[in-house]
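Enquirer: Structure provided below as structure tokens; questions to follow.
The values are calculated or read from the model by the stated rules, or taken from the named source; none is laboratory data. Bear in mind that the values here come from a model prediction, so they are computed numbers and not experimental data. Cβ placement follows ideal geometry from the backbone for every residue including glycine, while neighbour counts extend to all protein chains displayed.
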There are 2 protein chains.
Amino acid sequence: MPQKPQILSRRTVARSRLFHVEELELLFANGARTRFERLVGSGRGAVLIVPMLDDDTVLLIREYAAGTQRYELGLPKGLVEQGEELLEAANREIMEEVGYGARQLDYLTALTVAPGYLSHSTHVILARDLYPERLPGDEPEDIQVVPWKLSQLDQLIALDDCTEARSIAALYMARDQLSRTA
Amino acid sequence: MPQKPQILSRRTVARSRLFHVEELELLFANGARTRFERLVGSGRGAVLIVPMLDDDTVLLIREYAAGTQRYELGLPKGLVEQGEELLEAANREIMEEVGYGARQLDYLTALTVAPGYLSHSTHVILARDLYPERLPGDEPEDIQVVPWKLSQLDQLIALDDCTEARSIAALYMARDQLSRTA
């Protein structure tokens, strides 16, 4: 593994309600100096859940995405709240977004979304043995829940509104993991 | 597909050299009004390339990521330059980052990284029939090229420094696509 660059300086260059942009001045092992901007996240990160209704059926959600300004089909996710464990956050999110809790929650992996400029990390949780349980969410409109067969993942990914890299990576990983333990 | 919310207003709330944060006020079909912040990208998006040295060997790169402040192992990628076609951008990026050009370039899909708050889109290109060709890049230090077998994707994803969702999603998609056409 190469030697990490040294951080010579660090300063906030922009800030809004949600975003905090920081500029880092770095000195690399070869003597090169450069400045990078990055977005600093909340530190607790997010959870992304693969809720399995049965061995082959995953529950997706269709929700408006303000970044791309269209409805996106993907896995339920949300920020981890203060004092919350990851599995606890995952269970809360699926109760809010798909109307189920899970008796079995397994940590799969941590994903990054854009490591070059976002500090943010997303923890992927596989949720099984579901039971109906709804918690009120903070969404501006009802979320549409869309059951999909993991055995038809190719057809899902071919859809124009299923584009989110984290959801797609997590669905493949869950499919591989479930087929190994089947 | 649900009816898209109406954009009531839009204003810039923060700006730095790299980032442009916009606040949208939205009116949903059910009458709910809400404000969202999003990062507005360059519009041209990025390319992420799956460069195959042979039917099973993909060329990964290990590069310092200022967002997560560690070295990350993933696929080569970069922003599309003005006036550049996507396949052309993909070929330039692999010449700069892995030292190969490709005689066969196939468009696989478009991925989003965080559709809730980023407008950004990444185009995934499968590159085959490679030949040695190097273009100078703009990286502060040499990029390490790491060949990996797609048949050992599980072991790759288990590594602590292979976390980027776009790279993982693209590797699974390429593996599935190549196994179908094999």
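Enquirer: Just need a number here: residues in segment A:8-44 that are among the basic types (Lys, Arg), surrounded by 14 or more Cβ atoms within 10 Å (Cβ to Cβ) and facing chain B (nearest Cβ under 7 Å).
Expert: 2
Enquirer: Being over 13 Å from the mean Cα position of the chain (by Cα), facing another protein chain (nearest Cβ under 8 Å) and surrounded by 15 or more Cβ atoms within 10 Å (Cβ to Cβ) narrows it down to one residue among A:ASP161, A:ASP154; which is it?
Expert: A:ASP161
Enquirer: Of everything in segment B:49-67 that's within 9 Å of chain A (Cβ to nearest Cβ) and touching a residue at least 12 places away in the same chain (Cβ under 8 Å), which residue is nearest to B:LEU171 (Cα to Cα)?
Expert: B:ARG62
Enquirer: Looking at A:ALA114 and the list (1) within 14 Å of chain B (Cβ to nearest Cβ); (2) small (Gly, Ala, Ser); (3) touching a residue at least 12 places away in the same chain (Cβ under 8 Å), which single condition is not satisfied?
Expert: Every listed condition holds for A:ALA114 apart from (3).
Enquirer: Within segment A:13-35, does at least one residue satisfy the condition of being in contact with a helix residue (DSSP H, G or I) (Cβ under 6 Å, 6 or more places away or on another chain) and either at pLDDT 95 or above or farther than 14 Å from B:GLN69 by Cβ (or both)?
Expert: The answer is no, given that none of the residues of segment A:13-35 is in contact with a helix residue (DSSP H, G or I) (Cβ under 6 Å, 6 or more places away or on another chain) and either at pLDDT 95 or above or farther than 14 Å from B:GLN69 by Cβ (or both).
Enquirer: For B:GLY83, work out the one condition from (1) within 14 Å of chain A (Cβ to nearest Cβ); (2) surrounded by fewer than 17 Cβ atoms within 10 Å (Cβ to Cβ); (3) of a type in the set (Gly, Ala, Ser) it doesn't fulfil.
Expert: Going through (1) within 14 Å of chain A (Cβ to nearest Cβ); (2) surrounded by fewer than 17 Cβ atoms within 10 Å (Cβ to Cβ); (3) of a type in the set (Gly, Ala, Ser) one by one, B:GLY83 breaks only (1).
Enquirer: Return the residue satisfying two criteria in turn: it lies in segment B:164-182 and is of a type in the set (Lys, Arg) and surrounded by 15 or more Cβ atoms within 10 Å (Cβ to Cβ), and of such residues it is nearest to the other protein chains (Cβ to nearest Cβ).
Expert: B:ARG166
Enquirer: Could you please give the count of residues in segment A:43-90 that are charged (D, E, K, R) and under 22 Å from A:SER151 (Cβ atoms)?
Expert: Looking only at that region, the number is 4.
Enquirer: Within segment B:32-46, is even one residue touching a residue at least 12 places away in the same chain (Cβ under 8 Å), closer than 22 Å to B:GLU141 by Cβ and not basic (Lys, Arg)?
Expert: yes
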